[in-house]
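See below for the structure under consideration.
The values are calculated or read from the model by the stated rules, or taken from the named source; none is laboratory data. The shown structure was predicted, so the numbers you read here are calculated from the model rather than taken from an experiment. Ideal geometry is used to build each Cβ from the backbone, glycine not excepted, and the neighbour counts take in all protein chains shown. All accessible areas refer to the heavy atoms of the entire protein, side chains included, with ligands and DNA or RNA removed. Shrake-Rupley method; radii C 1.70, N 1.55, O 1.52, S 1.80 Å.
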Amino acid sequence: MAGFGVFRQLTLIICLAFPSIAHSIERVIGLPDMGKRDIRQVYFTRVMIAALDNTNAEYGPYEIIKPNLTMSSQRMMAELTTGDNLSVGISSYKPTWEGQTLIVPVPLIRGLASYRLFLAKTSQKEKLLQAISFENLKTFSFGQGHGWSTAKILEDHDFKVVYGANYQGLFKMLLANRFDLFMRSAHEIILEKPLFDEREDDIFVVDTFALYTYLPTYFHVTKRQPALAKRLEDGLNIMYSTGEIDSLLTEYFTEAIEIILQPGRKIYRLQNTNLKPGIYERDQPYLIKLNMDNN
């Protein structure tokens, strides 16, 4: 698995490709550092470079310029809107961003973040073993952060949500029995495992059930560069057709994929009420397939 040294090399270097002198050079400013220096940023950068490389013959040479600022989600949107300092960013689907950027309509991680696992107190284990139906889950309370898209989804489906100010606070609230379940993606569980391994008598990963709510992640491109958005779409489709996207997923997310494919876990489908109708159906051919309980 590539380390952060590779990440710096990939994102700080100016990458030039010259398959044809007939094309002008595509200037790509991205991807911004979102303050989450984990393997996902490495993966997304590799995907962007591969998508651009796969389209050299049609679109010509390009250069990547790494933004020198860490950007919040709000700052990234503002920069994409003007297009002066940012060409392309990464974000999950946000209804409020609709129409403000060019969303490249190809999911980047096969819907991997859609599989939601849970951290819980060990003292709750026996009670959780009795959660054998979708309705049983509604007897538990779920910790969430203010503004999280998953919080709205849970509330829209009549789950009990308890809010915390930030991740550290939510972790402490779980330990203090302020809520029952802390919902995380498979990759987040892996990253956070060292935090609760130290307290393995107190916290465990629930392995009997999970939720699936479609949470797509896309490239967002400034509206000033429509050709770049189309180029990334074409490049991603090439990567899916050749299996290159699966090779990168395996390189960076093998452990997370193994977790969601673990046999014996009941997976309940929960509609993402943040998505416009038709998005899941459009993206479905790109997604990891798994048998799920319908409800």
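Could you give P(r) for the chain, binned at 5 Å from zero, as whole percent values over all Cα-Cα pairs?
The distribution over the chain is 1, 5, 11, 15, 17, 16, 13, 9, 6, 4, 2, 1, 0, 0, given as percents.
What figure, in Å² to the nearest 10, do you get for the accessible area of K193 with a 1.4 Å probe and non-protein molecules left out?
It works out to around 80 Å².
Provide the solvent-accessible area of D246, counting protein heavy atoms only and rolling a 1.4 Å probe, rounded to the nearest 10 Å².
60 Å²
First compute the accessible area of the chain with a 1.4 Å probe, then give the percent of it belonging to carbon and sulfur atoms.
On the way: 7200 of 13720 Å².
Answer for the chain: carbon and sulfur cover 52 percent of the accessible area.
Would you please state the base-10 log of I(q)/I(0) at q = 0.15, 0.16 1/Å for region 38-155, with intensities from the Debye formula using one equal scatterer on every alpha carbon?
-0.90, -0.98
How far apart, in nm, are the 7 Å Cα→Cβ label points at E58 and S141?
According to this spin-label approximation, the distance is 5.3 nm.
Treat every Asp and Glu Cβ in the chain as -1 and every Lys and Arg Cβ as +1, leave all other atoms uncharged, and give the resulting dipole magnitude about the Cα centre to the nearest 20 debye.
Numbers: 32 positive and 33 negative charges, 113 e Å.
The dipole magnitude comes to about 540 debye.
Could you do me a favour and compute the accessible area per residue for the chain, 1.4 Å probe, result in Å²? Could the numbers behind the result be given before it?
Numbers: 13720 Å² over 295 residues.
I get 47 Å² per residue for the chain.
Picking from T208, L261, V162, whose Cα lies most toward the positive end of the charge dipole for the chain (charges on Cβ: Lys, Arg +1; Asp, Glu -1)?
V162
For region 59-108 and region 155-194, what is the separation of their C-alpha centers, rounded to whole Å?
What the calculation gives is 28 Å, centre to centre.
Rounded if a/c is under 1.5, else prolate if a/b beats b/c, else oblate: with a ≥ b ≥ c from the C-alpha gyration tensor eigenvalues square-rooted, which is region 208-295? Provide the component values of the computation, followed by the final result.
Working: a/c = 2.65, a/b = 1.49, b/c = 1.79.
Oblate is the answer for region 208-295, as a/c is 1.5 or above yet b/c matches or exceeds a/b.
What do you reckon, how do Y59, Y163 stack up by accessible area (1.4 Å probe), largest on top?
Numbers: Y59 45, Y163 75 Å².
Order by accessible area, largest first: Y163, Y59.
Rounded, prolate or oblate: which fits region 209-248, taking a ≥ b ≥ c as square roots of the Cα gyration tensor eigenvalues, rounded meaning a/c under 1.5, else prolate when a/b beats b/c? Show your work: numbers first, answer last.
Numbers: a/c = 4.08, a/b = 1.42, b/c = 2.87.
In terms of gyration-tensor shape, oblate.
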